[in-house]
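Structure first, commentary second.
Read-outs throughout are calculated quantities, based only on the coordinates presented, and are distinct from any laboratory measurement. Quick caveat, the model's predicted, so the values are computed rather than measured. Cβ coordinates were reconstructed from backbone atoms using ideal geometry, including for glycine residues, and neighbour counts include every protein chain displayed.
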Amino acid sequence: MTENFPAWKYALLVIVLLVSVVYALPNIYGEDPAVQIIGLKGAPVDEAVAKQVTDVLTENNLEYGKVTLEEQELLVRFKRPATQLVARDVVQQALDGASDTPSYSVALNLAPATPNWLTAIGAKPMKLGLDLRGGVRFVLEVDVEQNIKRRAEGSYNAVRSGFRQEKIRYTRFALNSSSSMLAEFASKEELQRAISYLNKDHQDLVDRPVAGNTLAVEISLLPAEVDKLRNTTMEQTAATLRNRVNELGVAEAVIQREGNNKVVVELPGVQDTARAKDILGKTATLDFLLEDSEGDLGQALAGKVPPGSKVYEYNGVPILLKKRVILSGDSIIAATSQYSSQNNLPVVSITLSGKDTGLFSDVTAKNIGKRMAVIYHEQQRQGDETINVEKVISYATINDALGNKFEISGLALQEARDLALLLRSGSMPAAVSIVEERVIGPSMGQENIDKGIQSVVVGFCLIIVFMTLYYSAFGVIANIALFFNLIFLVALMSILGATLTLPGIAGIVLTLGMAVDANVLIFERIREELRNNMSPYASIYRGFEHAFGTILDSNLTTLIVGVILFAIGTGPVKGFAVTLSIGILTSLFTAVTGTRALVELIYGKRQVFKLMVGI
């Protein structure tokens, strides 16, 4: 070995290459068609369910492979997609029968066929985007009009209170439509006083005279306010959906607004809509209520509910709670599902914002020994109406004053996970309903993969031919380094969990061209030194040293562009930027270090009179 490239550098290169080969290997094993069973609403997924599933598959002569049960999720692998599709229907029928409210989500999935010895060391294949793997596309309709109606109702209450404070007499005042109200007054003087009050204190409202009635006026939200509320609702909905998709762990998801009241969500790799629909469509929050210990539950059940109280049900038992909300979900800034350290049961750990901690702590300190309920609110669309569903998820005794951190118990594992996810990602500003859903099969994605691989292979072969013919032995060295670069690139993307998309494959092809471009700069510099009558070894040394600055400059500027594309781009643009940026780093490493190591290995230990650097 030479002083310029000592033995430890070769050892480091060999270690890096071996590690890269190992972590790139999972990408050659592909994926198995699979069916994934998840319990809904606390339904157990255990050995008994696994046996029921395998029995029904055997009865229907459906050949299955490996069966895995982990963390309340059952995964059954198959050899053929056709068997997978039939098995999904058979298993769903066996688990839920003809029930309108299924207890299990039976989802189509693609499970990596990576050997256990690779998964044991954390080696996983690259994630594939929607255009390569297939997935689910949702179109969600946002009930913006319901938000506008709520805003109008709030303005109606505020104006009515204002009229009373100003002692403005009206004969009629009522909501007229979703965003307007009709007010009729006793005299023209009262009408003018009302108009003056509205212009002064409610500048977000506009009043219009009513045809045929000189004492009436129609009050409505300004069109600009309606547009602002509509845009805000859509932006908040898209942001919340994006948070929920991130929590679901779906990579390269596309979430974009479509029209005035629709949002498009694309989830690559998701073939079944059950859990995704359950998470994306929920408009959920929490309320914390105290028990009404002074009220008579018996009389409340008979219809005589005390003022300020309401009857709820917890685990089938009626309870009487005060309506006053002592804490709402808006005050929650963090939520995680975990197991309790006391009884090892699932709980949701809650962290409150600082501004609400004091009041909550005071209220719970004054009510030690009493019970507090946690009410889960969810808005659902039924036809053209939005209904509010309430459920008591926890009803426990207050043993101590609660601070900014506490736990909610009494939930099944999946319920705790879903609740924590919803609280972390935020509540929807309006109810949403899925008006279109489409499963994009993996067949089209496989065609894209095949064409992408063909483009990489063709590009790689053309580069090999050109470099070999033009640069002779040095061209062969560059081709070997280029092959190593491809291994490094695939391994690094797999380790980082980067997602490969169709534009990402284009980035790989571009990376191969850029990698060989660095070798071209080095080899041309070596040839230039030889023409200046430098010795072969001195030409190699000066070629690498003098070309490094140019290579670094060109790669650095391209890397900056890649980072910018990743920062401001979305979807496919990000996929291209990720592959391009990682490829620049690997090509810089292989073109400078890898090629230098091979050249030193061949020419460093012997006397050379002529270098084969092509024509």
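Placing unit charges on the Cβ atoms only, positive for Lys and Arg and negative for Asp and Glu, gives the chain a dipole magnitude near 1160 debye about its Cα centre.
The relative contact order of the chain comes to 16 percent, based on Cα pairs under 8 Å that sit 6 or more residues apart. Find the relative contact order for the range 31-112 and round it to a whole percent, using C-alpha pairs within less than 8 Å whose residues are 6+ positions apart. Once divided by the residue count of the range 31-112, the mean separation gives 48 percent. Scalar couplings 3J(HN,Hα) for the range 200-214, obtained by applying the Karplus form with A = 6.51, B = -1.76, C = 1.60 to θ = phi - 60°, are 8, 9, 9, 6, 8, 10, 10, 10, 10, x, 9, 4, x, 9, 6 Hz; x denotes Gly and Pro.
Among residues other than residue 588 with Cβ under 15 Å from its Cβ, the summed charge is -1 (Lys and Arg +1, Asp and Glu -1). Scalar couplings 3J(HN,Hα) for the range 225-234, obtained by applying the Karplus form with A = 6.51, B = -1.76, C = 1.60 to θ = phi - 60°, are 5, 5, 4, 4, 5, 5, 5, 4, 4, 5 Hz; x denotes Gly and Pro. Measuring between alpha carbons in the structure, the pairs from 66/277; 79/262; 370/391; 200/366; 304/370; 149/277 lying more than 31 angstrom apart are 79/262; 200/366. What is the Rg over Rh value, at two decimals, for the chain, using alpha-carbon atoms and the Kirkwood definition of Rh? So for the chain, dividing Rg by the Kirkwood Rh gives 1.11.
Residues whose amide H falls under 5 Å from that of residue 370, counting only those 5 or more places apart or on a different chain, are 398, with hydrogens built in the peptide plane. Each residue, residue 8 and residue 196, gets one label point 7 Å from its Cα in the Cβ direction; the gap between the two is 8.9 nm. Spatially, the range 62-113 and the range 147-218 are offset by 59 Å when compared through their Cα centroids.
Which shape class applies to the range 31-112: rounded if a/c is under 1.5, otherwise prolate when a/b exceeds b/c and oblate if not, where a ≥ b ≥ c are the square roots of the Cα gyration tensor eigenvalues?
prolate
In the chain, helical runs assigned H by DSSP with n ≥ 4 each contribute -39500 (n - 2.57); averaged across all residues and rounded to the nearest 500, the mean residue ellipticity at 222 nm is -16500 deg cm²/dmol.
Only aspartates and glutamates eight or more places from residue 451 in sequence, or on another chain, were considered; those with a Cα closer than 16 Å are 131. Counted residue by residue at 0.36 nm each, then reduced by the alpha carbon distance between them, the extension gain from residue 231 to residue 399 reaches 56.0 nm. Net charge in the neighbourhood of residue 17 (other residues with Cβ under 15 Å of its Cβ; Lys, Arg +1, Asp, Glu -1) is +2. Counting only residues 5 or more places away or on other chains, whose amide H sits under 5 Å from the amide H of residue 323 once H atoms are built in the peptide plane? The list, which skips near neighbours in sequence, is 309, 310. The residues neighbouring residue 158, those whose beta-carbon lies less than 12 Å from its own, together hold a net charge of 0 under the Lys/Arg +1, Asp/Glu -1 convention. Here the 3J(HN,Hα) profile of the range 43-53, calculated from phi with Karplus coefficients 6.51, -1.76 and 1.60 at θ = phi - 60°, is 5, x, 10, 9, 4, 5, 5, 4, 5, 4, 5 Hz, Gly and Pro shown as x.
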